[in-house]
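Asker: Sending over a structure as structure tokens; questions will come in a sec.
Taken together, the values in this text are just the output of simple stated rules run on the coordinates, not laboratory data. Just so it is clear, the structure is predicted and the values come from calculations on it, not from any experiment. Backbone-built Cβ (ideal geometry, glycine too); neighbour counts: all protein chains shown.
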Amino acid sequence: MDELEQRLRSVLTEMAEGVSPSRNAWAEHEHRLAVKSRRAKRRPVLMAAAAAAVVALIAVPVLITGMRPDKKPELQQADSPSAPSLPRTAATQNSPVYLPQGGETVLTQPFILVNERVNDVDQMTYAYTVRRQGQAMLCFSRRAASDGQLLDGTSPDYDSQCFAMGAPLPGKVFWTHRAVTTSATSGVYVYVASSPTERVMVRTTEGQFVIASKKQASSEFGVFAAVLGSTRPPAAYTAQGPGPAYAQLENG
Amino acid sequence: MDAMAGFSALFDGSFEAMKRLAYLLGADDPENIAQEAFVRLHDRWHTLYDDSKALPYLRAMVVNLSRSRLRHLRVVRRTPPDVLLDEVSAETHAMARQEHKRIREALGKLSRRQREVLVLRYWMDLDQAAIADALGVAVGTVKATTSHAMNNLRRHLEEG
């Protein structure tokens, strides 16, 4: 290799090293895949919609009417006594607290997502959000009720599952949504959505509407939860703004 | 290792390199290009029966996406921002940096393909067959382009 080649190699290396590393590349990648997946799902729907525009014009008002909260027989409030096992908001109980580990900031403190009795032991599943090294994450932790309400993230024995969340694109509100299944409870869904989302309306495959109510909120988003009472994933969900209008913000 | 674990490992190991490749090829949004390349790779992952095909596919994708980006920039009459080097070391490495600046300027005067060949050869350390694969040309073309590129680089440096 001659001198010019060596100098060229050196310059290219220096230029490359001048590019700062990406902090959340994998989260961004997952976000792009999710967006692409949604678009791919919509494409055939759009083609069909073009062919059936008249039908859609009739169906949409009917659907909107069906989603109005005053149609009580179809509506199930996630916090209502008829909901299977979702407890009332954390504020009504001893509020659980998450102690963040190094590099973490708590965005929303934990709330009790599921409270169930398994093998004569009360088991709690908590949900909370943190920012870990710049990445917003939705976390779940499951533990016995007797372990207390302090979730000590600094403890080496602390166990949790965290999932990266991506900030929504302009005009969108959903950061993420997750199904949570425990040994005794299924059909629990958590949604994270930006302001001004007031609630998330979920339609089950059985045609029922369930409201996922706001459990915790940060300056950036609210965390919503609902028990669908079904093992099948929801057919659709909609972020809605403040009442009484409950304007649709984003459909999923 | 299952398929998606393999993809994840490739992402961890190659994302930064692909981003830097896009940058060296002159793209002004290298992160976006690297992300797009990985999304496209993800779509084709199940068809790449041999993992060793993934990296060449990625390189070719980054080259193609960078070309598209440069074409777009030419259309909208924008110039990609120049490389920002570490200003802290400016005084201590003044002479070396001056020399590097001259080479960078000379690189900028080369044709797109000549620059691609030099980046793939002298930064990625690819052999001629791999460069040909990434650029979609024959090995003979790579040899000739490399030779022309080095001659032109030398000439630009002497003129500068």
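Asker: Using the Karplus equation 6.51 cos²θ - 1.76 cosθ + 1.60 (θ = phi - 60°), what ³J(HN,Hα) coupling, rounded to whole Hz, does each residue of the range B:20-30 give in order, writing x for Gly and Pro?
Answerer: Per residue, the Karplus-derived 3J(HN,Hα) values read 5, 4, 4, 5, 5, 7, x, 6, 8, 10, x Hz.
Asker: Just to verify a number: FRET efficiency for residue A:117 and residue B:47, C-beta to C-beta distance, R0 = 45 Å, to 0.05?
Answerer: So, using R0 = 45 Å, E works out to roughly 0.40.
Asker: Give the aspartates and glutamates reachable from residue B:53 as a straight Cα distance under 15 Å; neighbours fewer than 8 places away on the same chain don't count.
Answerer: B:43, B:133
Asker: Fully extended, how many nm does the chain gain between residue B:39 and residue B:4 (0.36 nm per residue separation, minus their Cα-Cα distance)?
Answerer: 11.3 nm
Asker: Let me ask something additional. Can you give the average number of partner chain beta-carbon atoms within 10 Å of each beta-carbon in peptide B:117-126, as a whole number?
Answerer: 3
Asker: Here's another thing I want to ask about it. So how much slack lies between residue A:105 and residue A:20, counting 0.36 nm per residue of separation and subtracting their Cα-Cα distance, in nm?
Answerer: 28.2 nm
Asker: Same structure again: In peptide B:143-153, how many Cβ atoms from other protein chains are near each Cβ within 10 Å, on average?
Answerer: Other-chain Cβ atoms within 10 Å of each residue's Cβ, averaged: 1.
Asker: Find out how many positive minus negative residues lie around residue A:152, taking Lys and Arg as positive, Asp and Glu as negative, among other residues whose Cβ is under 14 Å from that of residue A:152.
Answerer: After counting each charged neighbour, the total is -3.
Asker: Nearest 0.05, what FRET efficiency do residue A:248 and residue A:37 give at R0 = 25 Å with Cβ-Cβ as r?
Answerer: With a Förster radius of 25 Å, E is 0.75.
Asker: How much FRET efficiency would the formula 1/(1 + (r/R0)^6) give for residue A:195 and residue B:144, where r is the Cβ-Cβ distance and R0 is 45 Å, rounded to 0.05?
Answerer: The computed FRET efficiency comes out at 0.15.
Asker: While we're looking at this one, here's another question. Using the structure shown, list the pairs from A:36/A:215; B:19/B:109; B:19/B:101 with a Cα-Cα distance above 24 Å, or answer none.
Answerer: Among A:36/A:215; B:19/B:109; B:19/B:101, the Cα-Cα distance tops 24 Å for A:36/A:215.
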